[in-house]
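Here the structure is laid out as structure tokens; the discussion comes afterwards.
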Amino acid sequence: VDVKQVHRTGYHFQPPRNWINDGQPSDPNGPMYFNGTYHLFYQYNPKGAVWGNIVWAHSVSKDLINWQRLENAIYPSKPFDKYGCWSGSATILPGNKPVILYTGIIDANNTQVQNYAIPADISDPYLRKWVKPDNNPLIVADKSINKTAFRDPTTAWLGQDGRWRISIGGRRKNRGIAYLYRSKDFVNWVKAQHPLHSTARTGNWECPDFFPVSAYGKNGLEIDGMDTLAEGSTVGSNVKYVLKVSLDVTRYEYYTLGTYSSKTDKYIPDKGMIDGWNGLRYDYGNFYASKSFFDPSKNRRILWGWANESDSTADDVKKGWAGIQLIPRTISLDPKGKQLLQWPIEEVEKLRGKKIELSSKKLVKGDKVEITGITAAQADVDVTFSFNSLDRAEPFHPSWDRYDAQKLCSQKGSTVEGGLGPFGLLTLASKKLEEYTPVFFRVFKAQDKPIVLMCSDASRSTLKDGIGTYRPSFAGFVDVDLTQKKLSLRSLIDHSVVESFGAGGKTCISSRVYPTLAVYNNAHLYAFNNGTQIVTIDSLSAWSMNNPQNMNQ
Ligand code: FRU
């Protein structure tokens, strides 16, 4: 057992171990599917486990599970990216030609410009080498733009007028902005008079992502020519648009659903959407700088997010690496049209090994049932709980903040007795519960309908001292219909990460945790109930998860 590496993940994407320095991966960049291969690029510091010296690292895969690391694809080498190659996106142009747009840093003041890169040899199946043509940079900030907050170009889309569009993140004072640029030839770009969208008091917008989702079913939609889908009389209502931004100040993301057409070239969030800090989030935990892409081989849209460490920088340096990519998720519109649904890509199920099942198991107040027979430190758990009545749900106090789920979770933790809940899983738990990361629900009564709180609470996850670490009681509300009196939960557990999906992917929370006792075979998994209402485990399946054959580890 390599004690130094107890927190290294088994099936989450990390750069290879035993690299001279394992380094720091961050933002996923330019994900794409091209000629049968998935490409993932990501922001990477090749020189250490902290942020800096940014290049685009590159890995390829046939199945999004087994990855092969290649040489860095884009790295500082020209005046237009001498101080760093920051985030960006890939677009596949007509004729099956991939092109990458990325932000180059040109001076020590962090001045940002937008560049492009193309494959050196399009017949290389892995597209190992990328060239940055001499007509870079393509876009520099005009006088109206803050040139140190002007970055992370999106995948391009084609309007009905035949011109390409991209969006770039930024800010004016405290207003977050998604700038819009248009081009006929992908080389000459002109700033549109109006941004795609902007919102007051949100601070700088990083890593904007803009894409269509189908109003019916789970199939993904190509971004290419996306607004042709929305126009026309018959299909007009078949499409919704998503704009996601990453908030520099709080280091979390929010998204809205809305409308868009290339005639007006404005994105307008739907009525009722919260366009700001209290907006909907892909993930209420450690999840940042995410990016989606359309996978034509399975007609789906896939979302990649990055989870940084929550441990101290000193610990990151000691273990020699920091940051993982979370399991890719398929993303689709919830049938009610008010939020997205996310679910781990089906390929992750290929890693499932030994399985155990449980059903019709009653949990009365204080019960804690151990799920034995699987590797609890590296597992996939899918459980549905049911209950006979909502009567015992605690009242939701009118003075509580309807948007501050995290605060509520920190006060009403997994051990605080409730009515309907808290019930759920204790993941990465030590035998005597000195350490555990509970993932659970708690249902409250409110005037119109019940309010469901979902928590993934890192506050008791480790006995390590807490200096310089972050162990929040991550939480979100779940907008779920409880008439069936059921709540489901899926958790992907992997040594130092717990990724959870509530109610079929309506609310998702990822936590990074660093147990000292609950490691390897000393990690345990329990189902629990600390509410007075009896809760039944309707069905539970749990699997040991295998390591991918090739993660270059
Ligand atoms: C987001 C971000 C991006 C930027 C990149 C630099 O994490 O700050 O805005 O392009 O990281 O590594």
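Assorted remarks:
- Helical mean residue ellipticity (222 nm; -39500 (n - 2.57) per DSSP H run of 4+; nearest 500) of the chain: -1000 deg cm²/dmol
- Distance distribution note for the range 384-460: the fraction of Cα pairs above 20 angstrom is 31%.
- Within the range 107-180, the trypsin sites (Lys or Arg not before Pro) that combine a DSSP coil assignment with at most 11 other C-beta atoms in a 10 angstrom radius are Lys143, Lys173.
- Taking the Cα atoms of the range 255-327, the ratio Rg/Rh between the radius of gyration and the Kirkwood radius comes to 1.12.
- Average Cα contact separation per residue, the range 135-274, under 8 Å, 6 or more apart, as relative contact order %: 19
- Table column - 3J(HN,Hα) (Hz), the range 257-274, Karplus curve with 6.51, -1.76, 1.60, x for Gly and Pro: 10, x, 10, 7, 8, 6, 5, 8, 6, 10, 8, 10, x, 4, 4, x, 6, 8
- Plainly put, the range 188-334 has a radius of gyration that is 1.01 times its Kirkwood radius, both from alpha-carbon atoms, as the Rg/Rh ratio.
- Residues whose amide H falls under 5 Å from that of Lys354, counting only those 5 or more places apart or on a different chain, are Ser544, with hydrogens built in the peptide plane.
- Rh (Kirkwood; distinct C-alpha pairs) - the range 23-158, Å: 15.1
- Cysteine residues of the chain whose C-beta has no other cysteine C-beta under 4.7 angstrom: Cys85, Cys207, Cys508.
- Peptides ranked, highest mean first, by Cβ atoms within 10 Å: ranges 385-391, 86-92: 86-92, 385-391
- Straight-distance crosslink candidates among aspartates and glutamates, where the alpha carbon sits under 17 Å from Lys78 and sequence neighbours closer than 8 are dropped: Asp107, Asp134
- Protection proxy ranking, peptides 33-45, 453-465, average beta carbon neighbours within 10 Å, highest first: 453-465, 33-45
- Dipole-positive endmost among Leu351, Gln378, Leu363 within the range 344-391 (Cβ charges, Cα centre): Leu363
- Peptides 475-483, 268-276 ordered by packing proxy, namely the average of other Cβ atoms within 10 Å per residue, highest first: 475-483, 268-276.
- Estimated Rh, the range 82-172: Kirkwood, alpha-carbon pairs, angstrom: 14.0
- Violating pairs (Cα-Cα greater than 31 angstrom) within the set Lys173/Lys218; Lys350/Lys486; Lys354/Lys431; Lys62/Lys407; Lys47/Lys129; Lys62/Lys147: Lys173/Lys218; Lys62/Lys407; Lys62/Lys147
- Between the range 105-149 and the range 460-486, the alpha-carbon center distance in angstrom: 39
- Here the chain is treated with +1 on each Lys and Arg Cβ and -1 on each Asp and Glu Cβ, and its dipole about the Cα centre works out to around 480 debye.
- Neighbours of Ala117, meaning other residues whose beta-carbon lies under 11 angstrom from its beta-carbon, give a summed charge of +2 when Lys and Arg score +1 and Asp and Glu score -1.
- Pairs beyond 19 Å (Cα-Cα), from Lys240/Lys338; Lys184/Lys298; Lys244/Lys506; Lys362/Lys485: Lys184/Lys298
- Cα-based Kirkwood hydrodynamic radius, the range 375-507, one decimal, Å: 15.3
- Residues with amide H under 5 Å from that of Ser473, placed H, sequence gap 5 or more: Ala458
- From phi via Karplus (6.51, -1.76, 1.60), per-residue ³J(HN,Hα) for the range 7-14 in Hz, x at Gly/Pro: 9, 5, 7, x, 10, 8, 5, 9
- Here is the P(r) of the chain: all C-alpha pair distances, binned every 20 Å from 0, give 22, 55, 22, 1 in whole percents.
- Cut-off under 5 Å, modelled amide H: who pairs with Ser290 long-range: Trp306
- Euclidean distance between Cα centres, the range 426-451 to the range 309-358, Å: 19
- Net charge dipole, the range 344-417: roughly 220 debye, given to the nearest 20, about the Cα centre with Cβ charges of +1 for Lys and Arg and -1 for Asp and Glu.
- Check: the range 416-540 dipole with +1 on Lys, Arg Cβ and -1 on Asp, Glu Cβ, in debye: 80
Here, each number is a calculation from the coordinates, and none is a lab measurement. All figures in this text were calculated on a predicted structure; none of them were measured in a lab. FYI the Cβ positions are ideal-geometry reconstructions off the backbone, even for glycines, and counts take in every protein chain you see.
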